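What follows is a set of notes on a single structure, which appears directly below.
The values are calculated or read from the model by the stated rules, or taken from the named source; none is laboratory data. None of these values were measured; they are calculated from a predicted model. Every residue, glycine among them, receives a Cβ derived from its backbone with ideal geometry; neighbour counts consider all protein chains shown. The protein model used for the area step is the full one, side chains on, heavy atoms only, and it has no ligands, DNA or RNA in it. Shrake-Rupley method; radii C 1.70, N 1.55, O 1.52, S 1.80 Å.
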Amino acid sequence: MNYALITGASRGIGRAIAERLAKDGYAVIINYHSNSDAAQAAKAAIEAAGGQAELLPFDVADGKAIDAALTAWETTHEGEHISVLVNNAGIRRDGLMVFMNETDWNKVLSTTADGFYFTTHHVLSGMLRARSGRIVNITSVSGVSGLPGQVNYSAAKAALIGATKALSKEVAARKVTVNAVAPGFICTDMTSDLDEKELKKTIPAGRFGKPEEVAALVSFLCSEEASYITGQVISIAGGMG
Ligand code: NAD
């Protein structure tokens, strides 16, 4: 069985990716932090569509919790390894730099950057041993171009881009690809507080994107056909950025 772990997959883009990869034939591992009802609902939707899914709760910013959860998974799945990792979990704590407190800085950085480190660090050895694997990091146009009011978020997402490029060069010879997907504005809970009507005017395509559109790109990057694409940042932003 080919296993795909998607962090923060109980809703939004992560859930859409989990549903899509399940349709592609992966047994998906839905990571979530606290919203167990939403995670159960995502699992049920995948199973109702004929796919295979299991839940693996942990906080991506907690290295010990990740090692414990993934070690327990390895014990119950002897001889198996995770062949696709999508580092999707992320948070926003927006505010102008002059007003930004240390907690909002640290929380955003640790969820994205430490989350990438802890999860990838644990999963990577299995991919290297198997000489195949796909890592997709969900960054943002904010990390590519920088957005005012998002110094913490832009810094975190830019860190993910640097990590993507460096890691891709370390592991390419072992047939593990590492890419980043940079969405613009996508309709999810994360953007539900934004003024969509106003922001749409700044997007050449004139609309917010859909989680399923991001999931389709991730699906391609995880496919055999994408074997020669690595170390890239692919924007999916309706022409923004
Ligand atoms: P969302 O808030 O619906 O989903 C984020 C998910 O991450 C949630 O399920 C949340 O519980 C999970 N999460 C947060 N902290 C976690 C932690 N410590 N451990 C485990 N899970 C945690 O938002 P979304 O729009 O679906 O965002 C998904 C990813 O896409 C994020 O990385 C986000 O930064 C990125 N992104 C979103 C947009 C957008 O417009 N929606 C644009 C660019 C990038």
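The Cα-based radius of gyration and maximum Cα-Cα distance (Dmax) for the range 118-203 are 15.9, 49 Å. Using the Cβ-Cβ distance between residue 169 and residue 223 with R0 = 30 Å, the FRET efficiency computed as 1/(1 + (r/R0)^6) comes to roughly 0.90. Normalised by residue number, the volume inside the convex hull of the Cα atoms of the range 3-236 is 124 Å³ per residue. Computed with a 1.4 Å probe over protein heavy atoms only, the accessible area of residue 59 comes to about 50 Å².
My understanding is that a pair violates if its Cα-Cα distance is over 20 Å; which of 64/107; 107/157; 175/210 do that in this structure? Beyond 20 Å: 175/210. Split the accessible area of the chain by element, probe 1.4 Å, and carbon with sulfur accounts for 53%. For the chain, the longest principal axis of the alpha carbon atoms and the long axis of helix 115-130 meet at an angle near 30°. Above 21 Å, the calculated P(r) of the range 1-115 contains 39 percent of its Cα-Cα pairs. Loop-resident chymotrypsin sites (Phe, Trp or Tyr not before Pro) (DSSP state other than H, G, I, E or B) in the range 205-241 with no more than 13 further Cβ atoms inside 10 Å of their Cβ: 228.
Relative to the longest principal axis of the Cα atoms of the chain, helix 12-23 runs at roughly 30 degrees. Once the chain from residue 101 to residue 199 is taken as fully extended at 0.36 nm per residue, the excess over their C-alpha distance is 32.7 nm.
Computed with a 1.4 Å probe over protein heavy atoms only, the accessible surface of the chain comes to 48 Å² per residue. Mean sequence separation of contacting Cα pairs (under 8 Å, at least six apart), scaled by the length of the range 3-236, corresponds to a relative contact order of 20 percent.
Tilt of helix 36-48 relative to the longest C-alpha principal axis of the chain, in degrees (0 to 90, nearest 10)? Taking the Cα atoms of the chain, the angle to 36-48 is about 60 degrees.
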